[in-house]
1. Name the shape class, rounded, prolate or oblate, that the alpha-carbon gyration tensor gives for segment 175-291, where a ≥ b ≥ c are the square roots of its eigenvalues, rounded holds for a/c under 1.5, and otherwise prolate holds if a/b is larger than b/c and oblate otherwise.
2. Using a/c under 1.5 as the rounded threshold, could you call segment 262-395 rounded, prolate or oblate? The axes a ≥ b ≥ c are square roots of the C-alpha gyration tensor eigenvalues, and prolate needs a/b larger than b/c, oblate otherwise.
3. Which whole-number percent gives the relative contact order of segment 86-218, counting Cα pairs below 8 Å spaced six or more residues apart?
4. Around A507, under 14 Å between beta carbons, what's the net of Lys plus Arg minus Asp minus Glu among the other residues?
5. When only DSSP loop residues count, what trypsin sites (Lys or Arg not before Pro) in segment 255-309 have their Cβ near at most 16 other Cβ atoms within 10 Å?
6. Taking θ as phi - 60°, what are the ³J(HN,Hα) couplings along segment 173-190 by the Karplus curve (6.51, -1.76, 1.60), each to the nearest whole Hz, with x for Gly and Pro?
7. Which of the aspartates and glutamates could be linked to K222 by a straight reach, that is with a Cα gap under 13 Å, when you skip same-chain ones fewer than 8 residues away?
8. Please give me, ordered by residue number, the chymotrypsin sites (Phe, Trp or Tyr not before Pro) of segment 271-300 that lie in loop per DSSP and have at most 15 other Cβ atoms within 10 Å.
Amino acid sequence: MNKFNRLLTLFLLGYLVVPSALGQDKEQLPNIVIIMGDDLGWGDLSCYGATGTYTPAIDSLAAHGMRFTDAHSSSSLCSPSRYSLMTGRYSWRTHLKKGVLKWFAKPLIEEGRTTLGTMLQAQGYQTAYIGKWHLGFEWPLLADRLPADADKEVFDTWERTSQDYIDFSQPVKQGPTQRGFDYYYGIAASNNMIPFVFIENDRVVQPPTVEKEYVYDTDQAKPRAPNWELEKLDQHLTEQAVKVIDHHFSSVTKNPLMLIFSTASVHRPCLPTFTKGKSKAGLRGDMVLEFDWVVNEVVQALKQHGAFENTLLIVTSDNGAVPGDPVFALERYHRDLGDKYYLDYFDGQVPEHIDPNGNEIAQKGWYTYGHASAGPFRGFKSEPWEGGHRIPLIVHWPGKIRAGNVNDNMICNADVMATLAELTGYQGGIGQDSYSFLTNLLSQSPDQPRQSMVLASGRSGALIARMGEWKYIAEADGHQKGSLYNMIDDSKEQHNVYNQYPDTVMAIQQLIDQVEQYNKRETLP
Ligand SMILES: [Ca+2]
């Protein structure tokens, strides 16, 4: 293909031209697709032992690829975990020590930092990001309604009135298209977070003008965009992902595709449509089935273009699961709106995981239907226990990964960057907390990619360290001493042996100090 045609093709596709990709033959590199669920738990997939859900599309990828059993998100909440996937760095190195980014927060990924997107652009990939971002934007303010203190009233607040200052007609800057993605279509954050709009590249597709329907779990909401249908978010986003695949492989471009598809499911509120009633794990379980449908749609689109065989496909989650359907929200929904959709689900169910000290949702507990969303592990999303940060992770690459592999080595989602750097021959700097597990994918006797790991608990910000057989949870907020568990004898974290092993505790604290200082492969000052 001559240069003019290539430029024309890129233009027609709506992609930015990647100068480094021009003139390079990258045909031999595989396409890379990452599908990331939101709050999808280790125990949610049938290939991880779930019986209340059935996920045949994902199970098939696991059966023909590699399933990791000791994979972790860098945090038990999503913004920080997503930061690590994108940059190969632990999120506690940023200003976000706990919690997630607020509605209109500034970008968490620093300008100029190497991301999965910029790295693969440099390697000749065309890059696209579909779905939930939750890593911040530069939101434009209305010219005629300026806040006295923009941080307090707009960018660093959970007040929903912050939306009243946003000019939805102007470009939304510093998002995915300025962090390494040629194309973006998605939602700013979780499905229950304002603004309820879709963003394409740096533009809001339709401004939020329609009064929000009351849906359980998202009351006090602001208006939504006319094309925002909460119950069909993933169906809409899947259409966009398939469109990217269709455009890419219908064109004459020979550059490989890198696509990240970050779904809205299975974050609450869970509002199943065509999977309603199909699982045995309530509304949330039904949404796990919808997530499996999403994966299948992407797989089928790749197959349709003959691209599946040359695609490295990763299916994973951003953090651990919630226990099930929130009783608080369901009761309130029923009180206000009657049994419009859901009442028949809850007959005979008894709330579990009640936390008297938690927020209003936790105090009422959850309906689980006997489904263990976190698998056999202790704890859930936002917590320091395994259920908060141990995630499902499956890699499929036909002809490269031996079918049916189960891999028990410890990896972190930050490691995806080093793995793809090694795979594509990237020589530039990458995040310093990223360790390649490529040999694990390609070799039958793989080494441990890493000996230790320092994660963070999303809610408290407590650092969590794994070192060999040990797991340590640091003191947080001054309300507890550290905890120490032996993950071989006690993977369910039932017996805190902090007091019995002071030398181990000291060694792990030293490890954390070293990791905090570790700067060797930094890409920014
Ligand atoms: Ca999440």
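Just so you know, all these numbers are worked out from the coordinates, no wet-lab data involved. In this text the structure is predicted, and so the values were computed from the model without any measurement. FYI the Cβ positions are ideal-geometry reconstructions off the backbone, even for glycines, and counts take in every protein chain you see.
1. Note, shape of segment 175-291 comes out oblate.
2. oblate
3. Computed value for segment 86-218: 26 percent relative contact order.
4. Values: positive: R466, K471; negative: E469, D503, D513.
It works out to a net charge of -1.
5. Loop-located and lightly packed - K278, K280.
6. Rounded to whole hertz, the list is 9, 6, x, x, 6, 10, 10, x, 10, 5, 9, 9, 9, x, 10, 5, 8, 5.
7. E159, D164, E211, E213
8. Those that pass, being in a loop and sparsely packed, are F274.
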